[in-house]
Amino acid sequence: MSSPMSASTFLEALVNEGLTVVLVGGWRTHNRNHKGPWGPVNGVMIHHTATRGTEATVRICRDGYPGLPGPLCHGVIAKDGRIHLVGYGRTNHAGLGDDDVLRAVVAEKRLPADNEANTDGNRHFYGFECENLGDGKDPWPEVQLDAVEKAAAAVCRHHDWTSRSVIGHREWQPGKVDPRGFTMDYLRARIHDRLT
């Protein structure tokens, strides 16, 4: 359980982890903080966008769409491995999820099955949206998976968290399937290796 990084520290952590970062206008103050607090933060949540094309994906994640205003994450991880920062603070990425899952993330223990949606995840998680159709067929280039690994590890390294603090949206909220195309255990193993 930690206070969120400042926007400048977040950017520095990503760059220090070896990521190529693209700053999308006004990202430092583009947030949903007026809807509730951001923090304490407890982990990192990974998503897929169900979109195609980096430019359109970044625009949607920054601006949102009718019924779900942006930003929809902190960073968009594109197919080419670049991370586009679209917001900072509370973002509309996690929604309501399982309080048992949150307790497991805080304790850095194995996750229980998510069977309820009773806890505000937007308050507790950094969120990364990854450009992918999420149909199980759209490929995940190695450069993109490497960037997902680095982005999650950068946040964990700053907060002194282990890879157990990284979850997929599908592990948080019943009915969600993202990210689809790799297992979260596979991703956590990569993050663990990077951190150690």
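Can you say whether G36 is within 19 Å of C156 (Cβ to Cβ) and not acidic (D, E), as far as the supplied structure shows?
Answer is no for this residue.
Residues that are of a type outside the set (A, V, I, L, M), open to solvent by 30 Å² or more (accessible area, probe 1.4 Å) and at pLDDT 95 or above within the stretch 109-136 comprise K109, R110, P112, D114, N115, E116, N118, D120, R123, D135, listed in sequence order.
Counting the residues of the stretch 63-94 that are in contact with a helix residue (DSSP H, G or I) (Cβ under 9 Å, 6 or more places away or on another chain) and free of Cβ contacts under 8 Å to residues at least 24 places away in the same chain gives 0.
Among the residues of the stretch 125-157, the ones that are closer than 21 Å to R28 by Cα and either of a type in the set (A, V, I, L, M, F, W, C) or under 11 Å from the mean Cα position of the chain (by Cα) (or both) come to 14 in all. Within the stretch 164-177, residues that are farther than 8 Å from V44 by Cα have Cβ atoms under 9 Å from residues that are among the polar types (S, T, N, Q) and outside any strand (DSSP E or B) in these pairs: G168/T183; P174/N115, counting only partners at least 6 apart in sequence or on another chain. Scanning the stretch 156-196 for residues that are of a type in the set (A, V, I, L, M) and touching a helix residue (DSSP H, G or I) at 6+ places or on another chain (Cβ under 7 Å) gives V166, I167, V177, M184, L187, I191, L195. None of V143, V177, V155 is closer than 20 Å to H84 by Cα, of a type in the set (V, I, T) and open to solvent by 50 Å² or more (accessible area, probe 1.4 Å) except V143.
Check the stretch 14-21 and report whether any residue there is out of contact with any helix residue (DSSP H, G or I) (no Cβ under 9 Å at 6 or more places or on another chain) and assigned to a strand (DSSP E or B).
Scanning the stretch 14-21, I find no residue that is out of contact with any helix residue (DSSP H, G or I) (no Cβ under 9 Å at 6 or more places or on another chain) and assigned to a strand (DSSP E or B), so the answer is no.
The values are calculated or read from the model by the stated rules, or taken from the named source; none is laboratory data. What you see is a predicted model; the values in this text were computed from it and never measured. Here the Cβ is made from the backbone with ideal geometry for all residues, glycine too, and neighbour counts use every protein chain on show. To get the accessible areas, we keep the full protein, side chains included, count just its heavy atoms, and leave off ligands, DNA and RNA. Shrake-Rupley method; radii C 1.70, N 1.55, O 1.52, S 1.80 Å.
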